[in-house]
Amino acid sequence: QVQLVESGGGLVQAGGSLRLSCAASGGTFSTMGWFRQAPGKEREFVATITWSGSSTYYADSVKGRFTISRDNAKNTVYLQMNSLKPEDTALYYCAAGAGMYPAGRAKQYDYWGQGTQVTVSS
């Protein structure tokens, strides 16, 4: 049974940093990614990474501020978020699957976590 468990969310002031983690169990996945959903908005793509970690792809809104990485020995993917803005406030979801790079669409992922809340105050 596949499980994705996110952690690391919280409340932070604008300009601050957070590091999200997603621990996967029950399988290994060539593609892992992060999505987010703000209240009243659709879920949107944030970042994705391939198995080797050599290829990453970001939404324009987070490029240069967020960094996705993975540790395959721990079956864990991370999202380092710097220079956070109030508009980054959302529920952040981890996703896993075998979608081809760059996997920027939700339908390219087979498994999803429950989400971790990130709130950025101004």
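Out of (1) part of a loop (DSSP other than H, G, I, E, B); (2) more than 13 Å from Ala95 (Cα to Cα), what's the single condition that is false for Gly27?
(2)
Could you figure out which of (1) in contact with a Ser or Thr (Cβ under 8 Å, 6 or more places away or on another chain); (2) under 24 Å from Ser122 (Cβ atoms) isn't true of Ala90?
Tallying (1) in contact with a Ser or Thr (Cβ under 8 Å, 6 or more places away or on another chain); (2) under 24 Å from Ser122 (Cβ atoms), Ala90 fails exactly one: (1).
Given Ser52, Ser83, which one is touching a residue at least 12 places away in the same chain (Cβ under 8 Å) and open to solvent by 30 Å² or more (accessible area, probe 1.4 Å)?
The match here is Ser83.
Among the residues of the stretch 88-106, how many are more than 17 Å from Ser61 (Cβ to Cβ) and modelled with pLDDT of 95 or more?
Here the count works out to 3.
Taking the stretch 1-18 on its own, how many of its residues are open to solvent by 50 Å² or more (accessible area, probe 1.4 Å) and small (Gly, Ala, Ser)?
4
With surrounded by 14 or more Cβ atoms within 10 Å (Cβ to Cβ), among the small types (Gly, Ala, Ser) and within 23 Å of Gly26 (Cβ to Cβ) as the only criterion, which of Ala95, Ala73, Ala90 stands out?
Just a single option satisfies the conditions, and that option is Ala95.
Step by step: first the residues of the stretch 19-49, then only those that are open to solvent by 30 Å² or more (accessible area, probe 1.4 Å) and of a type in the set (Lys, Arg), then the one that is nearest to Thr116 (Cα to Cα). Which residue is that?
Arg19
The values are calculated or read from the model by the stated rules, or taken from the named source; none is laboratory data. If you're wondering where the values come from, they're calculated on a predicted model, not measured in any experiment. Because the Cβ atoms are built from the backbone with ideal geometry, glycine has one as well, and the counts that use them run over all protein chains shown. These accessible areas exclude ligands, DNA and RNA; they are computed on the full protein's heavy atoms, side chains included. Shrake-Rupley method; radii C 1.70, N 1.55, O 1.52, S 1.80 Å.
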